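Written out below as structure tokens is the structure these notes cover.
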Amino acid sequence: MNKKIMIVIVILLITVVGLTLYTSTLKTNSGNQTQITDMLGRNVQVLTNVSRVASFSYSTTVQIYMLAPDKLIGWDSNRSAAQNRFMPHQYQTLPVLGGSKKDANYESFISMNPDLVFVGHGITVEDVNDMQQKLGVIPLLDVEGDNNLTNIDSSINFVGKTVGESKKASELVSFHQKMLSEVKSKTASIPEGEKKRVYYARDNTGLMTNPSGSSHTQLIDMCGGINVAQVPITKGSVGVSIEQVLKWNPDVIIASDETFYQKIYSDPLWQNVKAVKDKQVYLVPNSPFNWFENPPELTPF
């Protein structure tokens with residue numbers, strides 16, 4: 001047989017074998033993956049069975065911890081000793097990956113080799129796609145409603161399904177709906193004139209708050225209170241003066257920061273506020289997560 005023909009035949013055989021192996025590999029990979037449409041409508045290929053999960057957003061990190069704690073590979077931000085008080089040791093020592101959405105430490109996330117990463121509400125499709133580029137081949141899924149009582153159930157179900165914990169997610173949603181129904185039935189009978197007027201003090205000065213209508217203070221309205229901070233809604237907290245708080249003169253103060261809570265009764269600036277005079281200042285439980293917001297109502301589950 002001609003030597004040139006032999007060479008051509010060998011090359012063809014090598015090519016056919018290579019294509020066969022490549023096709024087989026594609027089929028294997030395809031069998032291990034599934035397409036998921038995230039909550040911004042993006043179609044993303046992810047592993048069918050994920051075991052290593054991370055998040056750029058605090059609220060979705062909380063949901064991962066509640067649904068699949070052993071699949072969580074790191075925290076999006078630092079945790080305090082107070083926050084870790086009631087958390088098992090193996091989760092306290094997880095590394096801090098450095099979240100904060102668009103300003104995240106992508107190298108840190110990539111180095112941990114997650115199967116997928118979540119990012120929470122309040123971000124555009126364009127921003128998510130930009131973040132996906134920075135993550136490379138690691139799938140990024142957007143979660144909406146993770147910090148909002150009106151649609152938090154859908155986010156729990158979405159995260160649960162994605163991490164392989166649909167049953168647990170369904171149980172949490174059912175419990176949430178039951179508690180929500182009980183609270184609504186009780187608060188519906190409170191006359192408008194008897195509702196408590198509430199101020200939410202968010203930082204160590206007590207002068208950062210979130211206004212009525214903000215996702216951060218939804219529990220006040222849901223539980224039959226009136227948020228005294230009737231100011232324009234912004235993406236973050238709003239700074240107010242002590243003079244403004246005195247004008248509002250709330251019946252109740254909910255404090256998120258323990259330092260502020262510990263000093264409010266001895267601070268002369270706050271002595272004339274009704275809630276202080278009546279000893280109606282309450283510290284939000286903060287372990288393992290804040291029970292009042294971010295995400296609202298989720299931690300007590």
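The values are calculated or read from the model by the stated rules, or taken from the named source; none is laboratory data. Fair warning: this is a prediction, and the values are worked out from it, not measured in the lab. Glycine also receives a Cβ, built like all others from the backbone with ideal geometry; neighbour counts cover every protein chain displayed. Areas reflect the complete protein model, heavy atoms only, side chains present, ligands, DNA and RNA absent. Shrake-Rupley method; radii C 1.70, N 1.55, O 1.52, S 1.80 Å.
So, in the range 183-222, exactly how many residues are in a loop (DSSP other than H, G, I, E, B), in contact with a strand residue (DSSP E or B) (Cβ under 9 Å, 6 or more places away or on another chain) and either open to solvent by 70 Å² or more (accessible area, probe 1.4 Å) or aromatic (Phe, Trp, Tyr) (or both)?
2
If a residue must be open to solvent by 10 Å² or more (accessible area, probe 1.4 Å), polar (S, T, N, Q), over 17 Å from Ile36 (Cα atoms) and touching a residue at least 12 places away in the same chain (Cβ under 8 Å), how many such residues does the range 125-149 contain?
Residues flagged as open to solvent by 10 Å² or more (accessible area, probe 1.4 Å), polar (S, T, N, Q), over 17 Å from Ile36 (Cα atoms) and touching a residue at least 12 places away in the same chain (Cβ under 8 Å) within the range 125-149 amount to 1.
Helices (runs of 4 or more DSSP H) wholly in the range 47-135 with at least 1 residues that are in contact with a Cys (Cβ under 7 Å, 6 or more places away or on another chain) - which ones?
none
Can you pull out every residue in the range 51-71 that is open to solvent by 10 Å² or more (accessible area, probe 1.4 Å) and over 19 Å from Glu171 (Cβ atoms)?
If the condition is that a residue be open to solvent by 10 Å² or more (accessible area, probe 1.4 Å) and over 19 Å from Glu171 (Cβ atoms), then Ser51, Arg52, Tyr58 are the ones that fit.
Yes or no: Pro232 open to solvent by 60 Å² or more (accessible area, probe 1.4 Å) and in a loop (DSSP other than H, G, I, E, B)?
yes
Return yes when Met87 is under 19 Å from Lys134 (Cβ atoms) and of a type outside the set (Val, Ile, Thr) and no when it is not.
No: the conditions fail for Met87.
Being touching a strand residue (DSSP E or B) at 6+ places or on another chain (Cβ under 6 Å) and either open to solvent by 70 Å² or more (accessible area, probe 1.4 Å) or under 14 Å from Asp203 (Cβ atoms) (or both) is the filter here, so list the residues in the range 261-276 that pass it.
Tyr261, Ile264
Exactly one of (1) crowded, with 19+ Cβ neighbours inside 10 Å; (2) in a helix (DSSP H, G or I) is unmet by Leu180. Its number?
(1)
Show the residue pairs that are 6+ apart or on different chains and have beta-carbon atoms under 8 Å apart, the first residue being within the range 243-269 and within 13 Å of Val284 (Cα to Cα), the second being in a loop (DSSP other than H, G, I, E, B) and open to solvent by 70 Å² or more (accessible area, probe 1.4 Å).
The qualifying pairs are Val252/Lys196; Ser256/Arg202; Asp257/Arg202; Asp257/Asn204; Thr259/Asn204; Phe260/Asn204.
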